[in-house]
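The values are calculated or read from the model by the stated rules, or taken from the named source; none is laboratory data. Remember, predicted model here, so these are calculated numbers, not experimental data. Glycine gets a Cβ as well: all are built from the backbone with ideal geometry, and neighbour counts include every protein chain shown. Surface areas here come from the heavy atoms of the whole protein model, side chains and all, with no ligands, DNA or RNA. Shrake-Rupley method; radii C 1.70, N 1.55, O 1.52, S 1.80 Å.
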Amino acid sequence: MFTGLIEEVGRVLKINVKGSSARITVAAGFPPGEVKIGDSIAVNGACLTVVEQGNGSFTFDASPETIARTSFRNLKSGSPVNLERALRLSDRLDGHLVAGHVDCVAAICERREESGNLLFTFRIPREIMRYVAEKGSVAIDGISLTVNSVALDTFSVNIIPLTSARTTLADKRVGAEVNIETDMLCKYIERLMKSRDDNEAGAGLSLELLAKNGFL
């Protein structure tokens, strides 16, 4: 679990493609003693497991599902990536709960500057758009952001100068692809509502229904 607050921008050292999967090595400044093999790190918003570590670098295996769901296909040696280590229970939750499970890839369809801020508009599939709400939360390449506005298949966000300086978004232009993770609470609520509708009329939300759907 993550917060969407980027700790640092790393840089891809190499990518070894193996069929429909890949092994990715990233240079990062995390203290070696604070990261071990088996730890989870969000790389551009995708939760990956450390399988090897070297002097200032960490290696991850990206499964076929991860490659298919993310913009990792666009990564190459030298690409900057947003990095965040997993949330500790003692940490403040300053962003929002981010699972590191990317829903889709979005394309930037508009970028403009306003009073020192960057305003981006992203286009995503309509079936994913239903999980995006005005003033709700969304993770873009792992960055926790607030949705400014929504339309049929687009939404917009505002990037303050601090976020621009500490993430990869400042270098993104129209047409670039980013990883999108919507608010997980929306998906759980939708599942609960569907389960209620599938049950007999008047059943409503109950302990039995929660247990049946794996919440207890």
Ignoring ligands, DNA and RNA, what accessible area per residue does segment 1-145 give at 1.4 Å, in Å²? 50 Å²
For R11, what accessible surface area do you get with a 1.4 Å probe? Give it in Å², rounded to 10. 120 Å²
Cleavage-rule hits, GluC sites (Glu not before Pro), segment 69-147, DSSP coil, Cβ neighbours within 10 Å at most 16: E134
Where the centre of each part is set by its Cα atoms, how far does segment 13-50 sit from segment 71-109, in angstrom? 12 Å
Under a 5 Å amide H to amide H cut-off, with H placed in plane at 1.01 Å, what residues pair with C104 once short-range neighbours are removed? I180
Alpha-carbon Rg with Dmax, taken over segment 1-100, Å: 12.9, 40
Nearest-ten-degree value, helix 184-198 long axis tilted from longest Cα axis of the chain: 30 degrees
Student exercise: in the chain, how many lysine pairs 8 or more apart or on different chains have Cα atoms under 28 Å apart? 13
HN-Hα couplings for segment 79-88 via Karplus (6.51, -1.76, 1.60; θ = phi - 60°), in whole Hz with x for Gly/Pro, come out as 5, x, 9, 6, 10, 8, 6, 4, 5, 9
How large is log10 of I(q)/I(0) for segment 110-176 at q = 0.16, 0.17, 0.26, 0.28 Å⁻¹ when the intensity is taken from the Debye formula with one equal scatterer per alpha-carbon? -0.50, -0.57, -1.30, -1.44
At a 1.4 Å probe, what is the % contribution of carbon and sulfur to the accessible area of the chain? 51 percent
Label segment 84-144 by shape, choosing from rounded, prolate and oblate, from the square roots a ≥ b ≥ c of the eigenvalues of the Cα gyration tensor; if a/c is under 1.5 it is rounded, and otherwise prolate applies when a/b is larger than b/c, oblate when it is not. oblate
If you split all Cα-Cα distances of the chain into 5 Å bins from zero, what percentages do you get per bin, shortest first? 1, 7, 14, 18, 18, 15, 12, 8, 4, 3, 1, 0, 0
For segment 10-59, the Cα-Cα pair-distance distribution in 5 Å bins from 0, as whole percents, is 5, 20, 33, 28, 10, 3, 1
Build a GNM of the chain with springs between Cα atoms under 10 Å: which of I24, I15, I37 gets the top mean-square fluctuation? I37
